[in-house]
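S.K.: Let me begin by handing over the structure; questions about it come next.
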Amino acid sequence: MEKFTTLSGIAAPMPLINIDTDMIIPKQFLKTIKRSGLGVNLFDEMRYDDDGNEIPDFVLNKPAYRDAQIIVAGDNFGCGSSREHAPWAIADFGIRCVISTSFADIFYNNCFKNGILPIVLPAEQVEALMKDAEKGANARIEVDLEKQEVTSSEGETYSFELDAFKKHCLLNGLDDIGLTMEKVASIDTFEAEAAQSRPWI
Amino acid sequence: MSPKTLYDKIWDAHVAHEADDGTCLLYIDRHLVHEVTSPQAFEGLRMTGRTVRAPDKTIAVPDHNVPTTPGRDDPKNMTEDSAIQVAALDTNAKEFGIHYYPVSDVRQGIVHIVGPEQGWTLPGMTVVCGDSHTATHGAFGALAHGIGTSEVEHVLATQTLIQKKSKNMKVEITGKLAPGVTAKDIVLTIIGATGTAGGTGYVIEYCGEAIRDLSMEGRMTICNMAIEGGARAGLIAPDETTFQYCKGRPHAPKGAQWEAALNWWKTLYSDDDAAWDKVLTIRAEDIAPTVTWGTSPEDVLPITASVPAADSFTGGKVGAAQRALDYMGLTAGTPLRDVEIDTVFIGSCTNGRIEDLRAAAAILKGKKIAVKRAMIVPGSGLVRAQAEEEGLADIFKEAGFEWRLAGCSMCLAMNPDQLAPGERCAATSNRNFEGRQGRGGRTHLMSPAMAAAAAVTGKLTDVRELM
């Protein structure tokens, strides 16, 4: 997995609440057996019309945001389906960080498995960063994972909370399965005991 | 011993390792697998030379892509990419030696219907699947939730998940439901009350008299939509209803093991003095037949209400409501009962069980549909067979419904069952998101009885008028 340390990028404002994973990547693109190549269909139904032409009003189609690496979004980003295709599409497009007041649980976890940092901030701070993002490509937002800080283009700094283990894995690009395999003795012991106490499983 | 919630008890029984910071390895008793979220996970195993740690606890069934029309075991009758995903699951199931129900097997169906039906899902278990509606299995008092594909690979390789404990939320439904009001109305009402993020960070336990009175089918409907309220998992404490449902299922314990299991299952309830981080109480008597008007499962109203105005909301919801009204083609102030329907879809992991089909048939008996298209998609081949045996299929066919084969179908429309742009659907499924049932399609969520009533009148309808 790609490491995440710091990021300085253009942020795309998406003030809509409840952006669900069906919106992020519609079902017709889930028929792949690969993880890659989904960026072109990120937000497909909001981004393209029925003939496949770009809808100019959609934020990621605007010249200022085509190279966005951050999304600043309304409440409850990533709700709905557990499809990891959503973070795959986001990462494939080049987005490495999403900032919102809240994230749906499964989506939040899926981000960390794909080198994406989801940042939760209070409503007034998300609002301030949304305004900053609306300035376009000249307003670069800085993210420092080590320090757990986001800095707006005007130098306003906000601290965010993050689980220490998730931070460690993201900073170092660690593969969860490899880490768990180091604890295989504990799993063996648990499994043997469970087979005694709950043999029907 | 300090008092515990049901969630606490199941959690504690499954921690295989706990790190100093509280990060746990949670042991997984059942891993359900379908064709859409698993190919990349199996490919990951191959690339790293890993195997499936517990193939005997891993169950696979194709459901999202499969057509619901005859001839579907011929890959030529699927789109090429769908056929590739189903073929990949066939190959992976065989190569890694996991339990498998192919399309040709009468037991095939929606993974969340097949699991309980075959007795794979039992009280006190941990159950995961690369699908958010895994929450369904919480109806058995099993800790069950959806995971992403990276986590599917993690469970395949290690039979564990890296987890931190969620908080405890209690949702109590007191009293008794009025006639015509069902489990689906309860859960839609709950989501309306909490919002789609109200359960984020919590495991919800549903309790109270109205929940206890529900059948296993009804309980599965409730827990199925826990995810729609933001909770990864919902739970209902197991009781006689649960034990009776499990007894005799193909993979349920038997003989002395059944007795041992039962002894443990009977300890699985929240202690009277257990601590809750959040509590919501709703009176069953206050719940009416309920439908959604917008594009989020929290956009619910009693069928007796009218389409709301966007400016009746506050904050970010104002813009979201206006967007939803535009998308749904609805005008504020229109009585919901005046909204005309084109299509009816009865099925999905929320409402594709035999009880759901019985409820729909009770309304449809001797009547004809007044909509362009109506389809019944049983949740499994066995549900389908039972409905035929009980004569329900004949009622559906005589009413003008299409009687389909089992699968996820138009719930998420990954197979050919889709809405056309602008088409308005009364659906028993779980999501009314933009484009969910087909690009531009408009979905109103409701109970099977309500969907059947809409089929008969051609409009959103208060089922109580047809009872």
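S.K.: Any chance you could list the semi-axes, whole Å, largest first, of the equivalent ellipsoid that the Cα gyration tensor gives for region A:18-73, using √(5λ)? Display every interim value, and only then the final one.
M.R.: Values: eigenvalues 71, 39, 28 Å².
Its equivalent ellipsoid spans semi-axes of 19, 14, 12 Å.
S.K.: Once the mean 1/r over all distinct Cα pairs of region B:6-163 is inverted, what Kirkwood radius in angstroms do you read off?
M.R.: Numbers: mean 1/r = 0.0625 Å⁻¹.
After inverting the pairwise mean of 1/r, the radius is 16.0 Å.
S.K.: Given the Cα-Cα distance of residue B:338 and residue B:398 and 0.36 nm per residue of separation, how much length would full extension add, in nm?
M.R.: Working: separation 60, 0.36 × 60 = 21.60 nm, distance 2.59 nm.
Stretched fully, the residue B:338-residue B:398 segment lengthens by 19.0 nm.
S.K.: Can you list the residues of region B:82-108 that have at least 20 square angstrom less accessible area with all protein chains present than in their chain by itself, probe 1.4 Å?
M.R.: B:84, B:85
S.K.: Two decimals is fine: what is log10 I(q)/I(0) at q = 0.06, 0.07 Å⁻¹ for chain B, from a Debye sum with one equal scatterer on every Cα and no solvent?
M.R.: For the requested q values the scattering log ratios are -0.24, -0.33.
S.K.: Where nothing but the Cβ of Lys and Arg (+1) and of Asp and Glu (-1) is charged, how large is the charge dipole of region B:167-286 around its Cα centre, in debye to the nearest 20?
M.R.: Details: 13 positive and 16 negative charges, 86 e Å.
That gives region B:167-286 a dipole magnitude of about 420 debye.
S.K.: On to the next question. Determine the percent antiparallel among the DSSP beta bridges restricted to region A:1-142, to the nearest 5. Spell out each step's value before the answer.
M.R.: Details: 4 of 17 bridges.
The antiparallel proportion sits near 25 percent.
S.K.: Could you list the trypsin sites (Lys or Arg not before Pro) in region B:312-403 that lie in coil according to DSSP, counting only those with at most 13 other Cβ atoms within 10 Å of their Cβ? Intermediate values should be presented prior to the final figure.
M.R.: Details: sites: B:317, B:323, B:337, B:353, B:358, B:365, B:367, B:368, B:372, B:373, B:384, B:397; in loops: B:353, B:365, B:367, B:368, B:372.
Here the trypsin sites (Lys or Arg not before Pro) that fit, given the DSSP loop and packing criteria, are B:368, B:372.
S.K.: Efficiency by 1/(1 + (r/R0)^6): what FRET value for residue B:212 and residue B:91, r their Cβ-Cβ distance, R0 = 60 Å, to the nearest 0.05? Write out the running numbers ahead of the final one.
M.R.: Details: r = 44 Å, r/R0 = 0.74.
Once rounded, the FRET efficiency stands at 0.85.
S.K.: Given the -39500 (n - 2.57) contribution per DSSP H run of 4+ residues, what per-residue ellipticity at 222 nm results for chain B, rounded to the nearest 500 deg cm²/dmol? Please list the in-between numbers first.
M.R.: Values: 16 runs with 149 residues, N = 467.
My calculation for chain B gives -9000 deg cm²/dmol from helical runs alone.
S.K.: Under the rule of -39500 (n - 2.57) per DSSP H run of 4 or more residues, summed and divided by the residues of chain A, what mean residue ellipticity at 222 nm is obtained, to the nearest 500 deg cm²/dmol?
M.R.: That calculation yields -8500 deg cm²/dmol at 222 nm.
S.K.: Among all lysine pairs in region A:6-173 that are eight or more places apart or on different chains, how many have alpha carbons less than 30 angstrom apart?
M.R.: Lysine pairs, 8 or more places apart or on different chains, close enough: 24.
S.K.: Excluding same-chain residues fewer than 8 positions from residue B:254, which lysines have a Cα within less than 23 Å of its Cα?
M.R.: Once the sequence-local lysines are set aside, what remains near residue B:254 is B:57, B:266.
S.K.: Related question: Can you tell me how region A:6-173 classifies by the Cα gyration tensor, rounded, prolate or oblate, using a/c under 1.5 as the rounded cut?
M.R.: Numbers: a/c = 1.73, a/b = 1.21, b/c = 1.43.
Note, shape of region A:6-173 comes out oblate.
S.K.: Looking at region A:29-59, which residues lose a minimum of 20 Å² of accessible area between their chain alone and all protein chains in place, measuring with a 1.4 Å probe and not counting ligands or nucleic acids?
M.R.: A:30, A:31, A:33, A:35, A:45, A:46, A:50
S.K.: Assign one of three labels to region B:143-209, namely rounded, prolate or oblate, based on the Cα gyration tensor with a ≥ b ≥ c the square roots of its eigenvalues; rounded applies when a/c is under 1.5, prolate when it is not and a/b is larger than b/c, and oblate otherwise.
M.R.: Values: a/c = 2.69, a/b = 2.39, b/c = 1.12.
Here region B:143-209 falls in the prolate category.
S.K.: Under the definition of partner shielding as Cβ atoms of other protein chains within 10 Å of a residue Cβ, what is the mean value for peptide B:297-304?
M.R.: Numbers: counts 4, 3, 1, 0, 0, 0, 0, 0.
Average per residue, whole number: 1.
S.K.: Under a point-charge model restricted to the Cβ atoms of Lys and Arg (+1) and Asp and Glu (-1), what is the dipole moment magnitude of chain A relative to its Cα centre, in debye to the nearest 20?
M.R.: Numbers: 19 positive and 33 negative charges, 92 e Å.
With Lys and Arg at +1 and Asp and Glu at -1, about 440 debye.
S.K.: Can you give the Kirkwood hydrodynamic radius for region B:288-432, in Å, rounded to one decimal and based on Cα pairs? Don't jump to the answer; show the numbers that get you there.
M.R.: Details: mean 1/r = 0.0614 Å⁻¹.
Value: 16.3 Å, from the Cα pair sum.
S.K.: Continuing with the same structure: Working from the alpha-carbon coordinates of region B:167-286, get Rg over Rh, Rh being the Kirkwood radius. Let's see the in-between values first.
M.R.: On the way: Rg = 15.1 Å, Rh = 15.1 Å.
We get a ratio of 0.99 for region B:167-286.
S.K.: With a 1.4 Å probe and all protein chains kept in place, how do B:136, A:6, B:69, B:295 rank by accessible area, largest first? Provide the component values of the computation, followed by the final result.
M.R.: Working: B:136 0, A:6 90, B:69 60, B:295 25 Å².
Heavy-atom accessible area, descending, gives A:6, B:69, B:295, B:136.
S.K.: While we're here: If you average the alpha carbon positions of region B:242-258 and of region B:147-172, how far apart do those two centres end up, in angstrom?
M.R.: Region B:242-258 and region B:147-172 have Cα centres separated by 26 Å.
S.K.: Other chains near B:128-135: what is the mean number of their Cβ atoms within 10 Å of each residue's Cβ? Don't skip to the answer; put the middle values down first.
M.R.: On the way: counts 1, 1, 4, 4, 10, 2, 2, 0.
If you average over the peptide's residues, the count of other-chain Cβ atoms is 3.
S.K.: Need the list of lysines near residue B:368 for cross-linking: C-alpha distance under 16 angstrom, and skip anything on the same chain fewer than eight residues off.
M.R.: Answer for residue B:368, where 16 Å is the Cα cut-off: B:397, B:459, listed by chain and number.
S.K.: Could you give me the ³J(HN,Hα) list for region B:128-133, computed from phi with Karplus coefficients 6.51, -1.76, 1.60 and θ = phi - 60°, whole Hz, x at Gly and Pro?
M.R.: 10, 6, x, 6, 5, 7
S.K.: Something else about it: With the other protein chains left in place, how much accessible area per residue, in square angstrom, belongs to chain B at a 1.4 angstrom probe? Each step should come with its number before you reach the end.
M.R.: Working: 14860 Å² over 467 residues.
Each residue of chain B exposes 32 Å² on average to a 1.4 Å probe.
S.K.: Kirkwood Rh, Cα Rg: Rg to Rh for region B:63-130?
M.R.: Working: Rg = 13.2 Å, Rh = 13.3 Å.
Result for region B:63-130 is an Rg/Rh of 0.99.
S.K.: What average number of partner chain Cβ atoms lie no more than 10 Å from the Cβ of the residues making up B:140-152?
M.R.: 5
S.K.: Over region B:123-276, what is the relative contact order in percent, taking alpha-carbon pairs closer than 8 angstrom and at least six residues apart?
M.R.: Values: 265 pairs, mean separation 43.9, N = 154.
In percent, rounded to a whole number, it is 29.
S.K.: Would the protein assembly as shown count as rounded, prolate or oblate if I go by the C-alpha gyration tensor, calling it rounded below 1.5 in a/c and otherwise prolate when a/b exceeds b/c, oblate otherwise? Please report the intermediate quantities before stating the final value.
M.R.: On the way: a/c = 1.40, a/b = 1.09, b/c = 1.28.
Because its axes are fairly even, with a/c under 1.5, the protein assembly as shown counts as rounded.
S.K.: Tell me which of A:17, A:99, A:122 sits at the most positive position along the dipole axis of region A:6-173, charges placed on C-beta atoms (Lys, Arg +1; Asp, Glu -1).
M.R.: Comparing the listed Cα positions along the dipole, A:99 ranks first.
S.K.: Follow-up question, since we're still on this one. Rounded to a whole number of µm²/s, how large is the Stokes-Einstein D of region B:307-382 at 10 °C and 1.306 mPa s, given Rh as the Kirkwood radius over C-alpha pairs?
M.R.: On the way: Rh = 15.2 Å.
The estimated diffusion coefficient comes to 105 µm²/s.
S.K.: Dipole magnitude of chain B about its Cα centre, charges +1 at Lys/Arg Cβ and -1 at Asp/Glu Cβ only, in debye to the nearest 20?
M.R.: I would put it at about 400 debye.
The values are calculated or read from the model by the stated rules, or taken from the named source; none is laboratory data. The shown structure was predicted, so the numbers you read here are calculated from the model rather than taken from an experiment. Counting neighbours? That spans all protein chains shown, and the Cβs are built from the backbone with ideal geometry, glycine included. Just the protein is used for accessible areas: all its heavy atoms, side chains included, with ligands, DNA and RNA removed. Shrake-Rupley method; radii C 1.70, N 1.55, O 1.52, S 1.80 Å.
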